[in-house]
Ligand SMILES: [Fe+2]
Ligand SMILES: [Fe+2]
């Protein structure tokens, strides 16, 4: 139960103002990538645990992780930009002195800093991000412009829950490039506040939602996670790391990653979906089918 409380939101605003985690000072940008560094734990790379993974050299495995984490960072920055587009429009509907307006302004400031931080770490790693394809771009812009507020907050929350899971895993792994770990730590701290706020904001909608609305919520969460997941694994990455048949590797990685992703990244999203009672035979069917979720 995350009931909307002005007092709690005032506290979140105060935290964001009094102890901001500024990327320029929080992250040791002067530290360069060392030969021993990894970029992501092996189990989060798309091909991990697949027989083809063993055919990669140690260098190719590290490179695969690097290109994929670049995609992860780039995709978050891009999705955050879409969230900012929606938040900016939503601000116009609010009283400027309200807690909602003031919190969303803090969130916007933080989200813009995150985008700058993600771009900076990608450059530090010499990453070459691949832009989302037309369908992702079209769908992203369409939803940010035309979705009602509750569905947009639900979408933002679904993406944040996944970003947060990645952040928790990355910051804990000491083998990962330290700058990347600190980026993940900062993101974790601030996303924690955003997630808390969004759950409270959504509570008034989820509490009174009937079966139809809950089904919509369950599907919106699922589709956003699927939307994010399909931004990471790209054929070009296998061409870059120099495997013989990049199409074969890409196809295998795409399929393989959906089960790894279900195993390691879905827990928080599933708990929230359960919390708001959005699982029913219909949503469960699609979560199992599309996300391979154990629900
Ligand atoms: Fe963020
Ligand atoms: Fe956020």
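Side notes on the structure shown:
- Residue 163 under 17 Å from the mean Cα position of the chain (by Cα), within 27 Å of residue 258 (Cβ to Cβ), at pLDDT below 95 and within 16 Å of ligand 2 (Cβ to nearest atom): yes
- Filtering region 172-203 to residues that are farther than 20 Å from residue 23 by Cα and within 13 Å of ligand 2 (Cβ to nearest atom) leaves 196, 197, 198, 199, 201.
- In the set 234, 214, only one residue is closer than 20 Å to residue 130 by Cα and surrounded by 15 or more Cβ atoms within 10 Å (Cβ to Cβ); that residue is 234.
- Contacts under 7 angstrom Cβ, first residue in region 98-119 being without any contact (Cβ under 8 Å) to a residue 12 or more places away in the chain, partner in a helix (DSSP H, G or I) and more than 13 Å from ligand 1 (Cβ to nearest atom), 6 or more apart: 101/91
- All told, residue 121 falls short of being touching a strand residue (DSSP E or B) at 6+ places or on another chain (Cβ under 6 Å), away from ligand 2 (no atom under 15 Å from the Cβ) and closer than 18 Å to residue 23 by Cβ.
- Criterion (part of a helix (DSSP H, G or I), modelled with pLDDT under 95 and under 16 Å from the mean Cα position of the chain (by Cα)) met by exactly one of 227, 272: 227
- Qualifying residue in region 186-200 (condition: part of a helix (DSSP H, G or I) and without any contact (Cβ under 8 Å) to a residue 24 or more places away in the chain): no
- Residue 104 being at pLDDT 95 or above, surrounded by 14 or more Cβ atoms within 10 Å (Cβ to Cβ), in contact with a helix residue (DSSP H, G or I) (Cβ under 6 Å, 6 or more places away or on another chain) and over 19 Å from residue 152 (Cα atoms): no
- Of the set (1) within 16 Å of ligand 1 (Cβ to nearest atom); (2) surrounded by fewer than 16 Cβ atoms within 10 Å (Cβ to Cβ); (3) within 19 Å of the chain's Cα centre (by Cα), all apply to residue 131 but (1).
- Listed by position, the helices (runs of 4 or more DSSP H) enclosed by region 1-93 that each have at least 1 residues that are free of Cβ contacts under 8 Å to residues at least 40 places away in the same chain and within 16 Å of ligand 2 (Cβ to nearest atom) are 58-91.
- Some residue of region 158-171 being touching a strand residue (DSSP E or B) at 6+ places or on another chain (Cβ under 8 Å), crowded, with 17+ Cβ neighbours inside 10 Å and part of a helix (DSSP H, G or I): yes
- Sole exception among (1) at pLDDT 95 or above; (2) away from ligand 2 (no atom under 16 Å from the Cβ); (3) surrounded by fewer than 18 Cβ atoms within 10 Å (Cβ to Cβ) for residue 141, by number: (1)
The values are calculated or read from the model by the stated rules, or taken from the named source; none is laboratory data. The structure displayed is predicted, hence computed values, not measured ones. Reconstructed Cβ throughout: ideal geometry from the backbone, glycine too, with neighbour counts over all protein chains shown.
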